[in-house]
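Visitor: Take a look at this one; I'll ask things after.
The values are calculated or read from the model by the stated rules, or taken from the named source; none is laboratory data. Keep in mind the model is a prediction, meaning the values are calculated, not measured. Glycine also receives a Cβ, built like all others from the backbone with ideal geometry; neighbour counts cover every protein chain displayed.
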Amino acid sequence: MSNRMKTVLGVMVMALIVGGLTLPTSAQSVTHSLTISRQAKLGGQVIQPGKYSVAYDEKKDGDLVITKDGKEILKAAYKRVELSTVPADSAVVFAAASDGGYKVRRIELKGSKTALVFD
């Protein structure tokens, strides 16, 4: 290979590397631990009290994925709301449901200025 071809090839490889580093990431998925203190509905499904892992995209509205022991329990659509302060602890806010039970209305996660709101 001639020196000129090596130089051109080197420039092309460098351009591909730099281009790949500047692409924005499409999802900012984060995972938190969360304790649900009572039976409630979330996304139309019943969730039992217990400790869960929750994953969501902190940059846009989407689907919250709740898992327990590595198994997906449910998905629920959420809307993001910015909080005025960062909560010191995670919290689940419940509301009375029309069937006399409870539904999850909002989830605030420790260390995040974003709350997840559910219809």
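Visitor: Name every residue in segment 97-119 that is exposed (fewer than 12 other Cβ atoms within 10 Å of the Cβ) and at pLDDT 95 or above, in order of residue number.
Guide: Correct list: empty.
Visitor: Checking residue 28 against (1) in contact (Cβ under 8 Å) with a residue 24 or more places away in the chain; (2) closer than 14 Å to residue 118 by Cα, which single condition isn't satisfied?
Guide: (2)
Visitor: If I go through segment 46-66 residue by residue, how many of them are over 20 Å from residue 80 (Cα atoms) and exposed (fewer than 15 other Cβ atoms within 10 Å of the Cβ)?
Guide: 5
Visitor: Tell me which residues, restricted to segment 73-107, are under 14 Å from the mean Cα position of the chain (by Cα) and closer than 17 Å to residue 47 by Cα.
Guide: 74, 75, 76, 77, 78, 106, 107
Visitor: Turning to a different aspect of this structure: Considering only segment 84-96, state which residues are polar (S, T, N, Q) and surrounded by 11 or more Cβ atoms within 10 Å (Cβ to Cβ).
Guide: Across segment 84-96, the qualifying residue is only 90.
Visitor: Kindly indicate the residue of segment 48-71 that is touching a Leu at 6+ places or on another chain (Cβ under 8 Å) and touching a residue at least 24 places away in the same chain (Cβ under 8 Å) and also nearest to residue 28 (Cα to Cα) among those meeting that condition.
Guide: Restricting to residues being touching a Leu at 6+ places or on another chain (Cβ under 8 Å) and touching a residue at least 24 places away in the same chain (Cβ under 8 Å), the top hit is 56.
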